[in-house]
Amino acid sequence: MSAQPILLGVNIDHVATLRQARYRDVGRTCGGVIEPDPVLLALLAERAGADGITVHLREDRRHIQEDDVRRLRDSIATRLNLEMACTPAMLTFARSLKPDSVCLVPEGRDEVTTEGGLDVAGDRERVRAAVEAIGELGIPTSLFIDPEERQIELAAELGSPWIELHTGCYANACHTGRRSAEWERLRLGSDRAHEAGLVVNAGHGINYVNILEVKRLPNLHELNIGHSIVSRSLSTGIEEAVREMKRRMA
Ligand code: PXP
């Protein structure tokens, strides 16, 4: 376990998923109450102890919108972590937004949520160019990758200071016999990344149960957690949902 407390980045994408389910075709100026507002929920999450707010501005704008991200940039007091695909349009957006960090993620139109890590090996030059372009803005880049040695080594080689280990396979394996093998893959990956000088974050599929095991991974700097916190907030409110996750992370 790391000596420092593990930080919590709250991913609020699914607050916008709920809003878009009803208001996709309505502009913010329609005059009615448009709920839920991701910015309000982000501010409440911060008040409850979130160390940062994470959003994924997807190419198809299925949940978070550009306007949400800009309002977050102007309102939150912690750090804004922008997850984005490695595309020229997103790089232009990041340049104008200046988030506190950028996490490069793969993006597939048909997926319900991000599935699998970035293939740094298969897309090396594009990832290198994006890491350099974002680094020139003074913004640290994180690469969302599977806990595979080759991907980790390449992340270090391309100069990305951070990685985010994809915990989705572990989370999906929690109800199968592969759970401890997947946890072990994450442990080895985290140690390998730490040895290579990378800051190790992790995320995807982390919930109030598996957090008790995830937090035992070595070298963890920050966890990005979305679905479970937003889901829990429907019954307890987001402040209690964040506080409970922080209690379990401690
Ligand atoms: N980290 C990354 C890079 C992601 O793409 C996601 C999902 O958007 C998360 C963390 C959060 O995953 P979850 O919503 O399952 O907690």
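All of the numbers you see were taken from the coordinates with simple rules; none came from a lab. The shown structure was predicted, so the numbers you read here are calculated from the model rather than taken from an experiment. No Cβ is skipped: glycine too gets one built from the backbone with ideal geometry, and neighbour counts run over all protein chains shown.
Running Debye on the chain with equal point scatterers at the Cα sites and no solvent, what base-10 log of I(q)/I(0) appears at q = 0.13, 0.16 Å⁻¹?
Normalising to I(0) and taking log10 leaves -0.78, -1.21.
Using a/c under 1.5 as the rounded threshold, could you call the range 20-90 rounded, prolate or oblate? The axes a ≥ b ≥ c are square roots of the C-alpha gyration tensor eigenvalues, and prolate needs a/b larger than b/c, oblate otherwise. Display every interim value, and only then the final one.
Details: a/c = 2.13, a/b = 1.08, b/c = 1.97.
Note, shape of the range 20-90 comes out oblate.
Kirkwood-based Rg over Rh for the range 145-222 (C-alpha set), two decimals?
Values: Rg = 11.8 Å, Rh = 12.3 Å.
Reported Rg/Rh, Kirkwood definition of Rh: 0.96.
By count of other Cβ within 10 Å, fewest leading, how are Glu83, Glu222, Glu157 ordered?
Going from sparsest to densest Cβ surroundings: Glu157, Glu222, Glu83.
What percent do you get for the relative contact order of the chain when only Cα pairs under 8 Å and 6+ apart count?
Values: 462 pairs, mean separation 52.5, N = 250.
Taking the mean separation of contacting Cα pairs over the length of the chain, I get 21 percent.
Quick check on the range 86-207: what are the equivalent-ellipsoid semi-axes from the Cα gyration tensor, as sqrt(5λ), descending, whole Å?
Equivalent-ellipsoid dimensions as semi-axes: 25, 17, 12 Å.
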